[in-house]
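Trainee: Structure provided below as structure tokens; questions to follow.
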Ligand code: DCP
Ligand code: MG
Ligand code: MN
């Protein structure tokens, strides 16, 4: 998917078994947050899905785009043995299963999870009784199962409707839209992502309405349960809210994310919050190749960069309000949200 303009592939494929095993291995790397290997596996799978003949040897595989020698060897191993030792090993490795357990705690990254392991913790109970936890981590452990259970599409819609209706009551010009995997058409989602906006209103006024009216109101009705820490460095403008919500007829807490967006930045925000993350990365890379810069606020040109690639200025805004125009300027044929899966 390094080329976001590439098309789809057919579902029936002579490499179906190989693809299945590699996808599982890729999901494992995604779980342990090994982004490089996750990307390498996803790219390899995308290449395999385009093949019309069965790839049986390492040599054959290595000749294909985006498949390096190591991945090629694994493809041969899968064809010869119908399995992948590396994948089997991960299922047996106790250290690995603890790492995966700890990475499931909301807000815990690889560094945190490994620190807990180094300190001798092995279970969630260990963490609760012996580790010094942030408020968000405490919630992440108390609602561990909740937050790690996929949300059926119909339930995502019901959570979204609560927000949409509450916002309409505050001001009927406000709009709330469900984003993320839901917008890509997924049958279930990890969380509920929503963009909140209103035509003709500045970001600071938008923030006041959302953070001082909507959020407190939704707390009072019992729908919102807790807010979880967002990293200030990733969101200096304070446009994000992370937390949990719960429907009146349920006891399951679901992860909910808000992104507050001024109307003029809607195009860039729609692209960002639709994802998926790998699609976003490839779009940003493409922008950089064209000497532009894409982020959740807009597409910029003439960004000056220093020797180490660090940006020296913001650059000149090229486009931010229209999703379609951003695709056009980047020379990427339009892709419907459902097609933005890498
Ligand atoms: N996003 C991104 N890079 C990240 C995290 C998120 O570009 N590191 C963007 C793309 C995602 C969107 O934000 O699609 C929403 O993030 P989520 O983590 O909620 O991911 P999804 O909604 O895509 O999947 P899930 O169903 O697991 O929530
Ligand atoms: Mg999501
Ligand atoms: Mn999210």
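Trainee: Hey, what did the stretch 28-76 get for relative contact order, percent, Cα under 8 Å, at least 6 apart?
Mentor: Details: 40 pairs, mean separation 16.0, N = 49.
Once divided by the residue count of the stretch 28-76, the mean separation gives 33 percent.
Trainee: Which Rg and Dmax, in Å, describe the Cα atoms of the stretch 253-342?
Mentor: 13.6, 46
Trainee: Given the -39500 (n - 2.57) contribution per DSSP H run of 4+ residues, what per-residue ellipticity at 222 nm results for the chain, rounded to the nearest 500 deg cm²/dmol?
Mentor: Working: 17 runs with 159 residues, N = 342.
Taken over the chain, the calculation gives -13500 deg cm²/dmol.
Trainee: Once you keep just the Cα pairs under 8 angstrom separated by 6 or more residues, what percentage relative contact order results for the stretch 18-125? Mind showing how you got there, number by number?
Mentor: Working: 95 pairs, mean separation 24.9, N = 108.
Relative CO of the stretch 18-125 lands at 23 percent.
Trainee: Relative contact order, percent, of the stretch 62-180 when contacts are C-alpha pairs under 8 Å separated by at least 6 residues? Walk me through the numbers before you get to the answer.
Mentor: Details: 63 pairs, mean separation 18.0, N = 119.
With pairs under 8 Å counted, the relative contact order is 15 percent.
Trainee: Calculate I(q)/I(0) for the stretch 149-195 by the Debye formula, one identical point scatterer on each C-alpha and no solvent, and give its log10 at q = 0.28, 0.29 Å⁻¹ to two decimals.
Mentor: Results for the stretch 149-195 at q = 0.28, 0.29 Å⁻¹ read -0.95, -1.00.
Trainee: Which shape class, rounded, prolate or oblate, goes with the stretch 115-198 when its Cα gyration tensor gives a ≥ b ≥ c as root eigenvalues, a/c under 1.5 marks rounded, and past that a/b bigger than b/c marks prolate? Present the calculation step by step, with values, prior to reporting the outcome.
Mentor: Details: a/c = 3.40, a/b = 2.24, b/c = 1.52.
Judged from the Cα gyration tensor, the stretch 115-198 comes out prolate (a/c at least 1.5, a/b above b/c).
Trainee: At a 10 Å Cβ-Cβ cut-off, how would you order 253, 36, fewest neighbours first?
Mentor: Working: 253 20, 36 8.
Ascending number of Cβ neighbours within 10 Å: 36, 253.
Trainee: Now for a different question. In what sequence do 183, 288, 281 fall when counting other Cβ within 10 Å, fewest first?
Mentor: Numbers: 183 20, 288 14, 281 17.
Placing the least packed residue first, the sequence is 288, 281, 183.
Trainee: Taking just the alpha-carbon atoms of the chain, what radius of gyration and Dmax come out, in angstrom?
Mentor: When restricted to the Cα atoms of the chain, Rg and Dmax are 22.0, 63 Å.
Trainee: Using r as the Cβ-Cβ distance of residue 237 and residue 112, and R0 as 22 Å, what FRET efficiency do you calculate, to the nearest 0.05?
Mentor: Taking R0 as 22 Å, the efficiency between residue 237 and residue 112 is 0.30.
Trainee: May I pose another question? Rounded to whole Å and ordered largest first, report the semi-axes of the equivalent ellipsoid of the stretch 152-241 derived from its Cα gyration tensor (root of 5λ).
Mentor: Numbers: eigenvalues 84, 54, 41 Å².
Semi-axes, largest first: 21, 16, 14 Å.
Trainee: Please report the spacing between the Cα centers of the stretch 184-250 and the stretch 280-342 in Å, no decimals.
Mentor: 26
Trainee: Along the Cα→Cβ direction, 7 angstrom out, place labels at residue 82 and residue 316. What is the inter-label distance in nm?
Mentor: 6.3
Trainee: If we count other beta carbons within 10 Å of each Cβ, what is the order of 336, 314, 319, fewest first?
Mentor: Numbers: 336 10, 314 14, 319 21.
Placing the least packed residue first, the sequence is 336, 314, 319.
Each reported figure results from applying straightforward, stated rules to the coordinates on display, with no laboratory input. Since we're looking at a predicted model, the values are computed, not measured. Note that each Cβ is placed from the backbone with ideal geometry, even for glycine, and that neighbours are counted across all protein chains shown.
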